[in-house]
1. If you average the sequence gap of Cα pairs under 8 Å that are 6 or more apart and divide by the length of the chain, what percent do you get for the contact order?
2. Just round it to a whole percent: the fraction of Cα-Cα distances in the chain exceeding 20 Å.
3. Note the direction-averaged projected area, equal to a quarter of the hull surface, for the Cα convex hull of region 1-55, in nm².
4. For region 23-72, state the semi-axes of the equivalent ellipsoid (square roots of 5 times the eigenvalues of the alpha-carbon gyration tensor), sorted largest first and rounded to whole angstrom.
5. Would you work out which of A24, V7, S119 lies farthest towards the positive end of the dipole of region 4-151? Charges go on Cβ: Lys and Arg +1, Asp and Glu -1.
6. Can you find, among T68, A104, T189, the residue farthest towards the positive end of the dipole of the chain? Put +1 on the C-beta of Lys and Arg, -1 on that of Asp and Glu.
7. Binning every alpha carbon pair distance of region 58-136 at 5 Å from zero, what are the percents per bin?
8. Would you mind putting 142-153, 37-48 in packing order, based on average other-beta-carbon counts within 10 Å, highest first?
Amino acid sequence: SASPVSVNYATSNGTATTADGDYAAASGTLNIPANTPSGTFNVVVNGDTKFEANETFTVTLSNPVGCTIATGTGTGTINNDDTAPTVSIGDVAIAEGNSGSSNAVFTVSLSAVSGLPVSVNYATSNGTATTADGDYTAASSTLNIPAGQASGTVSVAVAGDTKYEAGETFSVALSSPSGATLGVPATGTGTITNDDLAPIVTIN
């Protein structure tokens, strides 16, 4: 244009939000000098280490002076450049008790909080503790860890008895994660500790 041009601009949230710290809100007036074909303004995007989907925000133009608006909105896309977290499981030790059952609770942890939900399959397997001997109840399912949460838990029912025996173990193995990769360890050991007294031997 042979005359100066100005236009107002303002950002608005999309999947990227100022509340989540993805970018800094910006608004103002862009002035384009005469005989200059374009102008620029900046929107500050904040870096983080959270694995998440690409996110977007919008910039809207308004109140043109010396021109008309052909395309009044533009989309800013913040591309994720962080790697998916790893998922791992810890070990658990539990006293068996004398009757009924109690839960061995395994903690499944992410290496970093994710902006996306994570799911992972798990399944128990026998060690010196076996389902055939009634030491514990087999368990297999999918654990879902919501976005923004660092861990979840898996519970395995352990049966109580009054039999004096050595401590026994079983395993819980993770597999087929979604939104994460398998970390180390991917298998947790459940130890059922004996809490019964050794029998007393007498001579008559």
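The values are calculated or read from the model by the stated rules, or taken from the named source; none is laboratory data. Keep in mind the model is a prediction, meaning the values are calculated, not measured. Positions of Cβ are generated from backbone atoms using ideal geometry, with glycine treated the same way; all protein chains shown enter the neighbour counts. Note: accessible area is taken over every heavy atom of the protein model, side chains too, but ligands, DNA and RNA are not part of it. Shrake-Rupley method; radii C 1.70, N 1.55, O 1.52, S 1.80 Å.
1. 20
2. Roughly 69 percent, rounded to a whole number.
3. Result: a mean projected hull area of 4.6 nm².
4. Here the semi-axes work out to 29, 12, 10 Å.
5. Looking along the dipole axis, the top candidate is V7.
6. Farthest towards the positive pole: T68.
7. P(r) for region 58-136, in whole percents per bin: 3, 9, 12, 12, 9, 8, 7, 7, 6, 5, 4, 4, 4, 3, 3, 2, 1, 0.
8. Highest-to-lowest ranking by the protection proxy: 142-153, 37-48.
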